[in-house]
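Working notes, beginning with the structure itself.
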Amino acid sequence: MNHAIETDQLSKQYGDVRAVDNVDLRVKQGEIYGFLGLNGAGKTTTIRALLGMIRPSGGSVKVLGQTLVQSGRGPWARVGHLVESPSAYPELSVRENLDVARRLHGIQNPKVVDDVIEQLTLTSYADRKAGTLSSGNFQRLGLARALLHRPELLILDEPANGLDPAGLVEIRKLLISLAQENGVTVFMSSHILTEVDRLATRMGIIHHGKLIEELDADQLEKLRAKHLEVRVRDLVSAYAGLQSAGYQPVLKEDMILMEEAHVIEHPDDIARILVNGGTPPTHLAVKQQNLEEHFMQLTGGIK
Amino acid sequence: MNNFTSALWSEALKMRRSKVPLFTAIGLSMVPLAGGLFMIILKDPEAARSMGLISTKAQIVAGTADWTAFFGLLTQAIAAGGLILFSIITIWVFGREFSDRTVKELLALPTSREIIVTAKFIVIVVWTFAMTAFIFGMGLVVGTLVVIPGWSEELLRTSFINILGAAALTLPLMSFVALLASMGRGYLPPFGWTFFTMALANIAAIMGWGDWFPWAVPSLFSGVAGPQSSQLELHSLIIVILTGIIGLAATFYWWRNADQTR
């Protein structure tokens, strides 16, 4: 399997602080990898190491098959990036900012600038100075620069920052289409969990510099799965009644959880069984565990 | 267009769109204007006496009202004032990348960091020489309007060479300003450095070691300490060149190897 990003025991130490601690990442080509973490968890430091902006204290980084052995040298013609907050030359227009990026990427055809302006719906701002843009449009400009040279790999740090709800949907669609139709690998960090949840085909959670969990598509699907929460006064009788009706209830603390598709679609059937069995429900609700809960459980438990 | 010309084009565009060239030009235009004022005062001793202090100052600075003194003033201003104004240009070219946080857009590119830094230095060289030529040209206009005596084509040629020489001796010192703007990631550290070196240059010149201190050499060359001081010896020239090379090498090394966290 070819990996777009591969790190082995990647570490970065700043004085006494171990910002990144032995991180092993494997990002397959064509996948959207969500990189989650609290503020200060080590997301941006990892991204800077992936882009050769900082020298790792230990371990190695391979991007698109090329080992980064020296700062500044890498397969950058094939990589687009957006690191932390976007930046641009405020005195230059949107078009001029992108033209600077085009030339520094060695692209001869000036039409790519117009194409990416249109792709990021910046047409009406093309001749406006970057310093006068709203934060959302400034973010779009940053994304436009990352996409300008049609990269194979996109490394995006908090790409949803500053975007309004319509912008979020638009960028989400764009990233999905880039991955699905053009085979672009997307590595994106975020602390906006719902955004990552909607986009990522795989994700890693970093906490205190350590990659504490990776979730593949199946595990993510499981996390996104719905369940029925049942609360009754007599938990044991209700549990036995549901079992004898052919269901597979799970006891969890003070409630019963049920995950069968039929149960999710017809919770009224469960209510009827419980009432008929003499254990009427005091609470019956279809719930979906989300990434946020999972994330909080993971990161909240680790000090 | 190859990577180098692309980087040069980008740096030139940033410079053209900025207001800094205008501000530095306005700042430097004070030099020939002030020189012209001194010449007016010196041409008319009666008026000079009635003006009190300013005439004394004019006599101290310029001496006599002729083209030799006027060009000497311009050269001294480039040597002393150039250290500040050329520093402003250098600080802007390098420091703005950190202040505007655009430096991260220059690091992971097919165009190498060395090429980008080279383009920046070339823009600084062109910009500072353009400013020097601007001052000289404006000086010619002001001097003609004031009708200063003692004009000759030979004087014009030697004065132009002198003023370019003062700028050329100041330029290598800018490499350390670029280094400080990069290491300090912004504007303040290199400004501090500029004023620190100017103060040290004054002390070195007063103590008679100015010819061994690179930041004092341009002023000495301009004749600020008397006409005989403008005869620079080889060791002073070597020290300035070596300082420039060390600053350049350190700036390139820093851009290539330092952790970029902004």
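Each reported figure results from applying straightforward, stated rules to the coordinates on display, with no laboratory input. As the structure is a prediction and not an experimental result, all values here were calculated from the model. Note that we place each Cβ from the backbone using ideal geometry, even for glycine, and neighbour counts take in every protein chain shown.
Comparing B:GLY35, B:GLY208, B:GLY82 in a Gaussian network model of chain B (Cα springs below 10 Å), the most mobile by mean-square fluctuation is B:GLY208.
Would you mind ranking A:GLU253, A:GLU293 so that the residue whose beta carbon has the fewest other beta carbons within 10 Å leads the list?
A:GLU253, A:GLU293
Restricting to the protein assembly as shown, compute how many DSSP beta bridges are antiparallel as a %, nearest 5.
Of the beta bridges lying entirely in the protein assembly as shown, close to 65 percent run antiparallel.
Mean separation of Cα pairs under 8 Å and 6 or more residues apart, divided by the residue count, gives the stretch A:3-215 a relative contact order of 31 percent.
Across all Cα atoms of chain B, the radius of gyration (one decimal) and Dmax (whole number) stand at 19.8, 67 Å. Here the scattering of the stretch A:225-293 is modelled by Debye summation over its C-alpha atoms, one equal scatterer each and no solvent; at q = 0.25 Å⁻¹ the log10 of I(q)/I(0) is -1.13. Largest GNM mean-square fluctuation across B:LEU237, B:LEU106, B:LEU145, computed for chain B with C-alpha springs under 10 Å, falls on B:LEU145. Among A:PHE295, B:PHE94, sorting on how many other beta-carbon atoms sit within 10 Å of each Cβ, with the fewest leading, yields A:PHE295, B:PHE94. Each of B:MET198, B:MET39 was scored by other Cβ atoms within 10 Å of its Cβ. Arranged with the fewest first, they read B:MET198, B:MET39.
Relative intensity of the protein assembly as shown on a log10 scale, I(q)/I(0) at q = 0.06, 0.08, 0.10 Å⁻¹, equals -0.46, -0.69, -0.91, per a Debye sum over C-alpha point scatterers of equal strength in the absence of solvent.
Against the longest alpha carbon principal axis of chain B, how many degrees, from 0 to 90 and to the nearest 10, is the axis of helix B:174-183 turned? The angle comes out near 40 degrees. Residue pairs exceeding 19 angstrom between C-alpha atoms, taken from A:LYS111/B:LYS14; B:LYS19/B:LYS104; A:LYS111/B:LYS120; A:LYS12/A:LYS210: A:LYS111/B:LYS14; B:LYS19/B:LYS104; A:LYS111/B:LYS120. Among beta bridges from DSSP that stay inside chain A, the antiparallel ones total about 65%.
Taking 14 Å as the straight-line reach from the Cα of A:LYS28, the aspartates and glutamates in range (excluding those fewer than 8 positions away in the same chain) are A:GLU6, A:GLU152, A:GLU214, A:ASP216.
For the segment B:108-119, counting C-beta atoms of other chains within 10 Å of every residue's C-beta and taking the mean gives 5. Each pair of Cα atoms in chain A enters the Kirkwood radius, and Stokes-Einstein at 25 °C and 0.890 mPa s then converts it into a translational diffusion coefficient of 113 µm²/s. 3J(HN,Hα) couplings calculated from phi for the stretch B:199-205 with the Karplus curve 6.51 cos²θ - 1.76 cosθ + 1.60 (θ = phi - 60°) are, in sequence order, 5, 5, 4, 4, 4, 4, 5 Hz; Gly and Pro show x. Partners of B:LYS43 within straight-line reach, counting aspartates and glutamates whose Cα lies under 15 Å from its Cα and excluding those fewer than 8 residues away in the same chain: B:ASP66. If you average the sequence gap of Cα pairs under 8 Å that are 6 or more apart and divide by the length of chain B, what percent do you get for the contact order? Once divided by the residue count of chain B, the mean separation gives 24 percent. Angle of helix A:135-147 to the longest C-alpha principal axis of chain A, folded into 0 to 90 degrees and rounded to 10: 70°.
Build a GNM of chain A with springs between Cα atoms under 10 Å apart, and of A:HIS81, A:HIS283, A:HIS208 the one that fluctuates most is A:HIS283. Shielding by partners for peptide A:101-107, expressed as the average number of C-beta atoms from other protein chains within 10 Å of each residue's C-beta, is 6. The lysines within cross-link reach of A:LYS226, meaning a Cα-to-Cα straight distance under 23 Å and a gap of 8 or more places when in the same chain, are A:LYS252, A:LYS287.
So what is the calculated 222 nm ellipticity per residue for the protein assembly as shown, using -39500 (n - 2.57) for each DSSP H run with n of 4 or more, over all residues, to the nearest 500 deg cm²/dmol?
-17500 deg cm²/dmol
Kindly provide the trypsin sites (Lys or Arg not before Pro) of the stretch A:55-89 that DSSP labels as loop, not H, G, I, E or B, and whose Cβ sees at most 15 other Cβ atoms within 10 Å.
A:ARG73
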